[in-house]
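K.L.:
There's a structure below that I have some questions on.
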Amino acid sequence: MPAAYFRNVPEHLRHQHVKAITSLRDMMDSDLSLNVRSKDEDGIKHTYINSQVRSGLLHSQIKNLVVPEGHQLSNVDVFSSMDGGVALNIFSFEPVKVVHSHPTRESSQKVFDLIEEIKAGKHSHESWVPKYSESFSEASVNDFLNRVTSNYVAQTSARRILIQKEMFDQIRNSDGSVVKIEPFVGAGAGSMSWVTIAASNVLPEVLLRLESAIISARGLDIARAHLHSVECPEISTGDIPGQVTILRLLVSPTDESKNLNSNPAFAEVLARDLRRAKWFDNSTTELGLNKHPHLGLDKAEVITALGSMLHGPLYKLDSASFSSIKSILQLVEGNQNIAVAEKIAALFLDRFNPANPLPNDEFKRRSDEIRSKIPTLPSEASKLLIGKMLDAVHAT
């Protein structure tokens with residue numbers, strides 16, 4: 001296993017993993033999975049151990065992840081053996097109202113040492129080291145360290161702490177999210193990249209599920225993952241404590257066209273989707289990533305928004321066919337319906353593109369072309385739904 005495994009995983013848990021891996025080896029099965037559950041003073045840990053390292057494995061585990069009652073996801077560590085023969089993913093859950101211990105000045109000294117080196121210009125030639133800013137003042141850094149756990153500081157490099165602090169500062173007083181993509185530096189780096197997402201006021205397990213779904217749908221595989229939460233009481237809502245979740249993923253492309261290091265346009269599209277992920281409804285991600293991935297998230301978002309908006313008016317016209325938003329979305333997902341709905345979504349996006357809005361004559365031409373296809377749809381309910389979706393674009 002990589003050195004990070006021995007640094008991040010306590011000894012008693014490593015013993016359990018060794019027993020489980022030995023059992024897998026004894027069974028001589030080419031593709032077998034074990035789930036090891038353990039509980040200690042820090043919370044509950046679920047370890048998934050697979051006898052193969054394969055593409056999409058982590059995402060499939062995240063989709064089926066069940067959070068123990070009264071807990072929330074507090075950390076994720078993803079490891080694979082050096083020979084690629086074992087995948088070991090640890091999901092840690094902590095009680096919702098746990099009180100964390102914060103790092104001491106002594107345990108955080110590596111951060112202050114690096115800041116002094118940056119100020120002295122020692123790393124000016126290294127593009128992966130952040131530039132000095134007021135964000136690195138002693139008061140500001142201490143404020144950040146008083147929001148994180150001792151384990152976070154112990155497991156995270158000083159450089160990474162400063163990068164993530166800058167991301168935290170960008171959204172600490174908002175409901176926003178920020179994404180940073182950078183090449184992986186190290187042995188065997190190849191085309192791998194680090195993708196870091198910081199998002200405020202979103203459950204860690206929800207953020208992990210959404211972001212991993214987008215990354216997998218974009219043709220990238222997740223090799224490693226780390227997740228941490230930063231206390232942020234100033235954005236608390238009611239009884240829900242405010243926090244910023246920081247998710248760091250090491251990804252590799254399934255083909256060279258998806259290389260984030262050499263394809264900046266693709267990287268920007270991915271970053272845009274990742275920044276917006278926390279606001280996506282499950283129906284949008286399901287439609288745009290799983291059921292009809294050719295749509296993409298932009299058009300899926302327009303389709304689900306129009307379907308949701310039209311539920312009330314359509315229910316008054318045909319309560320049986322349009323009994324719920326779910327029934328509307330199920331109807332629009334039919335092959336003939338989705339093809340026309342996609343054209344309506346594209347029309348909406350082009351019409352209201354701030355950079356280059358669709359001119360009136362072209363909007364009318366495309367709208368008329370879409371309307372001419374409505375009579376060919378398979379049912380009266382389909383014709384009514386698609387017609388109203390087009391009407392809604394005209395009424396916007």
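The values are calculated or read from the model by the stated rules, or taken from the named source; none is laboratory data. Computed from a predicted structure; not experimentally measured. Backbone-built Cβ (ideal geometry, glycine too); neighbour counts: all protein chains shown. Ligands, DNA and RNA are stripped out before the accessible areas are found, and what is left, the full protein with its side chains, is counted by its heavy atoms. Shrake-Rupley method; radii C 1.70, N 1.55, O 1.52, S 1.80 Å.
K.L.:
Divide by every residue of the chain the summed helix terms, -39500 (n - 2.57) for each DSSP H run of at least 4, and state the resulting mean residue ellipticity at 222 nm, rounded to the nearest 500 deg cm²/dmol.
P.N.:
It comes out at -13500 deg cm²/dmol, rounded to the nearest 500.
K.L.:
Rounded, prolate or oblate: which one fits the range 85-243, using the alpha carbon gyration tensor with axes a ≥ b ≥ c (rounded when a/c is under 1.5, else prolate when a/b beats b/c, else oblate)?
P.N.:
Oblate.
K.L.:
Take the Cβ-Cβ distance between Lys291 and Ala139 as r, set R0 to 41 Å, and report the resulting FRET efficiency rounded to the nearest 0.05.
P.N.:
0.25
K.L.:
Probe of 1.4 angstrom, ligands and nucleic acids ignored: what's the accessible area per residue over the range 81-183, in square angstrom?
P.N.:
Value returned for the range 81-183: 49 Å² of accessible area per residue.
K.L.:
Here is a further query. Carbon and sulfur atoms: what percent of the 1.4 Å accessible area of the range 88-171 do they account for?
P.N.:
Using a 1.4 Å probe with all protein chains present, the range 88-171 comes out at 52 percent carbon and sulfur.
K.L.:
Let me ask another. Enter the accessible area per residue of the range 212-309 (Å², integer; probe 1.4 Å; all protein chains in place).
P.N.:
41 Å²
K.L.:
Next question. How big is the charge dipole of the chain about its Cα centre, in debye rounded to the nearest 20, if each Lys and Arg gets +1 on its Cβ and each Asp and Glu gets -1 on its Cβ?
P.N.:
460 debye
K.L.:
Mean separation of Cα pairs under 8 Å and 6+ residues apart, divided by the residue count of the range 292-376: what relative contact order is that in percent?
P.N.:
25 percent
K.L.:
What ³J(HN,Hα) values, in whole Hz, does the Karplus curve 6.51 cos²θ - 1.76 cosθ + 1.60 give for the range 288-295 when θ = phi - 60°, with x put for Gly and Pro?
P.N.:
Couplings: x, 10, 10, 6, 9, x, 5, 5 Hz.
K.L.:
Here's something else I'd like to know. Give, in nm to one decimal, the length gained when the segment between Glu116 and Ser323 is fully stretched (0.36 nm per residue of separation minus the Cα-Cα distance).
P.N.:
68.2 nm
K.L.:
Could you give P(r) for the range 326-396, binned at 10 Å from zero, as whole percent values over all Cα-Cα pairs?
P.N.:
Histogramming the range 326-396 at 10 Å steps yields 20, 53, 23, 4 percent.
K.L.:
In the range 265-369, what percent of the accessible surface is made up of carbon and sulfur (1.4 Å probe, ligands and nucleic acids excluded)?
P.N.:
Roughly 54 percent of what the probe reaches on the range 265-369 is carbon or sulfur.
K.L.:
Is the range 224-371 best put as rounded, prolate or oblate by its Cα gyration tensor, with a ≥ b ≥ c the root eigenvalues, rounded for a/c under 1.5, and otherwise prolate when a/b is larger than b/c, oblate when not?
P.N.:
Oblate shape, in that a/c is at least 1.5 and b/c is the bigger or equal ratio.
K.L.:
May I ask which of Lys326/Lys373; Lys39/Lys180; Lys119/Lys258 have a Cα-Cα span longer than 29 Å here?
P.N.:
The answer is Lys39/Lys180; Lys119/Lys258.
K.L.:
Could you give the accessible area per residue of the range 325-372, probe 1.4 Å, as a whole number in Å²?
P.N.:
The answer is 57 Å² per residue.
K.L.:
At Arg272 and Glu256, where each label point lies 7 Å from the Cα along Cα→Cβ, what is the point-to-point distance in nanometres?
P.N.:
So the label points at Arg272 and Glu256 sit 2.6 nm apart.
K.L.:
Could I ask something else about it? Arranged from highest to lowest average of other beta-carbon atoms within 10 Å per residue, in what order do the peptides 308-314, 147-153 appear?
P.N.:
Peptide ranking by packing, descending: 147-153, 308-314.
K.L.:
With contacts defined as alpha carbon pairs under 8 Å and 6 or more residues apart, what's the relative contact order of the range 103-183 in percent?
P.N.:
Relative contact order for the range 103-183 comes out at 37 percent.
K.L.:
Moving on. Ser60 to Asn356: FRET efficiency via 1/(1 + (r/R0)^6), r the Cβ-Cβ distance, R0 45 Å, to the nearest 0.05?
P.N.:
0.70
K.L.:
Now for a different question. Gap in Å between the Cα centre of the range 186-236 and the Cα centre of the range 291-344?
P.N.:
Distance between centres, Cα-based: 30 Å.
K.L.:
Express the relative contact order of the range 179-332 as a whole percentage, based on alpha carbon pairs under 8 Å and six or more residues apart in sequence.
P.N.:
22 percent
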